[in-house]
1. Take Leu71 and tell me if it is surrounded by fewer than 12 Cβ atoms within 10 Å (Cβ to Cβ), of a type in the set (A, V, I, L, M, F, W, C), modelled with pLDDT under 95 and more than 13 Å from the chain's Cα centre (by Cα).
2. Can you tell me which residue within region 97-123, out of those that are modelled with pLDDT under 95 and of a type in the set (A, V, I, L, M, F, W, C), is farthest from Ile42 (Cα to Cα)?
3. Can we say Gln49 is in a helix (DSSP H, G or I) and within 13 Å of the chain's Cα centre (by Cα)?
4. Can you name the number of the only condition in (1) part of a helix (DSSP H, G or I); (2) buried (at least 17 other Cβ atoms within 10 Å of the Cβ); (3) touching a helix residue (DSSP H, G or I) at 6+ places or on another chain (Cβ under 7 Å); (4) at pLDDT below 95 that Ser91 fails?
5. Across region 105-116, which residue is farthest from the chain's Cα centre (by Cα) among those that are surrounded by 14 or more Cβ atoms within 10 Å (Cβ to Cβ) and aliphatic (A, V, I, L, M)?
6. Can you pull out the residues in region 94-104 that are among the charged types (D, E, K, R) and crowded, with 19+ Cβ neighbours inside 10 Å?
7. Restricting attention to region 66-88, which residues are assigned to a loop (DSSP other than H, G, I, E, B) and more than 13 Å from Ile39 (Cα to Cα)?
8. In region 94-123, which residues are out of contact with any Pro (no Cβ under 8 Å at 6 or more places or on another chain), among the small types (Gly, Ala, Ser) and assigned to a helix (DSSP H, G or I)?
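The values are calculated or read from the model by the stated rules, or taken from the named source; none is laboratory data. Keep in mind it's a predicted model, so treat the numbers as computed, not measured. A quick note on method: Cβ atoms are made from the backbone with ideal geometry, for glycine too, and the neighbour counts reach across all protein chains shown.
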Amino acid sequence: MLVSGSILLTPHLQALIQGKAGVSPAIATQLINRNKANIIDIRQIQDFQSGHIARARHVAAEDLMANLAGLKLDKASPVILVCDNGSKSSSVVGRVQKEGFADVVCLEGGIKGWNLAGLPLVK
């Protein structure tokens, strides 16, 4: 029981230690609606095309850092990184912050969490 509990908590502890913040789908919705958050979907293109959050922009995870400047995002606006389940996006939060974006978070649970919350996707 102790081992399985530590396995489940490890990603959350790493996020806290490394300063990587995740937000629930409900908080992400508030950031999108109230703060005009930028949404960057880092999943593979076929996954993005099958359904994504409205106004999301696609950049594959492996191309994110090279293409970040080309997105011409307002560095003062929040940035929400989205992947399948939240693990890949949480791993790049710090790198995006180092590029001058002050408010960078990942979507907890990724698109799967968004779907579980009953929130809509567009194609």
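1. Here the answer is no, as Leu71 does not meet what is asked.
2. Ala102
3. no
4. Of (1) part of a helix (DSSP H, G or I); (2) buried (at least 17 other Cβ atoms within 10 Å of the Cβ); (3) touching a helix residue (DSSP H, G or I) at 6+ places or on another chain (Cβ under 7 Å); (4) at pLDDT below 95, only one is false for Ser91: (3).
5. Ile111
6. Within region 94-104, no residue meets the criteria.
7. The answer is Ala76, Asp84, Asn85, Gly86.
8. Gly94, Gly110
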